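The values are calculated or read from the model by the stated rules, or taken from the named source; none is laboratory data. This one's a predicted model, so the numbers in the text were calculated from it and none came from an experiment. Note that each Cβ is placed from the backbone with ideal geometry, even for glycine, and that neighbours are counted across all protein chains shown.
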């Protein structure tokens, strides 16, 4: 059983991952360092080569791992959602072929749900189709975008329309008719792709779950995925607080330092307030998700609060840094890009506000 703690994970991310973020963007592979440090695939099953941490124990480390957006990939936990989905719902043949190499980092997967021209808040409008053939195999046609890591994925889990319902199929990217159309420019960053499927033949064993279970399985992923995102955004917001504090204490101004100025103290206070609040909400969501309890309200609150906290903290840090905070070498523009994207990813804030508001009002009544 893995015995790592938060301090060990944080030290590794701060010492190894954060200084190499630009190189990691360009394809640097630091996974060997994570393996050597005993930090590889912490939440994945030990019998498959992972660290064997329970979900609850891993979620307690996720904030520190997520201090860099590259942290989960370097430490091998980025595949957690797909590994859990396949372990619970894939056919035996697909599990046998994919799970162990997935945990080992030998196979890379992507998840494709969002489509061009379709509101992400209404998945019933998805247009990608999967048609079953007489021999039990499937033919997939359509287009997806904002698919993370699609260019290097070996397998893409695709949410597709199957008649009047939706299902998930694991599509090998080496199949004829699969194409990476383009990398999307997301506020100057990459890693997101538009992909297309033109009469892509998929084996029958690559159906994940039963026909018609697609949106339910997608919902299962979302609860944990949003919670992980919230925890990781809190980790990056904490990183901004530390950068803000270090800068304010070191920057000379007149006969003192920036930290002596009341306006800078207010920036620090406001940022600390929202980060601590988001941490509490994310922790409550994590507790409920790990125990398998209903957590729709708590997850939405955590996701929205964490996105806002990161935005507030990075904005305050940039303001304290001044013009230097606009430069890539400060690390803050990268965090600002994450913060702005956070208000849209995993459901726009407006969706969470509306759906959670309705739930809350119904409960009060």
Residue that is at pLDDT 95 or above, closer than 27 Å to residue 314 by Cβ, surrounded by fewer than 17 Cβ atoms within 10 Å (Cβ to Cβ) and not assigned by TED's automatic domain parsing to the domain that holds residue 155, where the choices are 29, 14 | 14
Across segment 185-202, what is the total count of residues that are at pLDDT below 95 and either in a helix (DSSP H, G or I) or in contact with a helix residue (DSSP H, G or I) (Cβ under 6 Å, 6 or more places away or on another chain) (or both)?
-> 2
Condition set touching a strand residue (DSSP E or B) at 6+ places or on another chain (Cβ under 6 Å) and in contact (Cβ under 8 Å) with a residue 60 or more places away in the chain, scope segment 111-131, selection surrounded by the fewest Cβ atoms within 10 Å (Cβ to Cβ): answer is 116
Selected residue (criterion: surrounded by the most Cβ atoms within 10 Å (Cβ to Cβ)) from residues of segment 100-110 that are within 20 Å of the chain's Cα centre (by Cα) and within 18 Å of residue 52 (Cα to Cα) = 102
Of the conditions (1) at pLDDT 95 or above; (2) assigned to a helix (DSSP H, G or I); (3) surrounded by fewer than 22 Cβ atoms within 10 Å (Cβ to Cβ); (4) in contact with a helix residue (DSSP H, G or I) (Cβ under 9 Å, 6 or more places away or on another chain), residue 210 fails just one. Which one is it?
-> (2)
Which of the residues belonging to segment 137-179 are surrounded by fewer than 17 Cβ atoms within 10 Å (Cβ to Cβ), part of a strand (DSSP E or B) and within 21 Å of the chain's Cα centre (by Cα)?
-> 148
Return the total of residues in segment 213-226 being more than 11 Å from residue 81 (Cβ to Cβ) and touching a residue at least 60 places away in the same chain (Cβ under 8 Å).
-> 2
Subset tally (residues that are more than 19 Å from residue 141 (Cβ to Cβ) and surrounded by 22 or more Cβ atoms within 10 Å (Cβ to Cβ)) for segment 213-228 = 3
Assuming residue 205 fulfils every condition listed in (1) at pLDDT below 95; (2) in a helix (DSSP H, G or I) apart from one, which condition is it?
-> (1)
Does residue 24 satisfy being under 23 Å from residue 330 (Cβ atoms) and either in a helix (DSSP H, G or I) or not assigned by TED's automatic domain parsing to the domain that holds residue 241 (or both)?
-> yes
Cβ-Cβ under 8 Å pairs, at least 6 apart or on other chains, segment 335-351 side on the phi > 0 side of the Ramachandran plot, far side surrounded by fewer than 21 Cβ atoms within 10 Å (Cβ to Cβ) and assigned to a helix (DSSP H, G or I) | 346/222; 346/225; 347/222
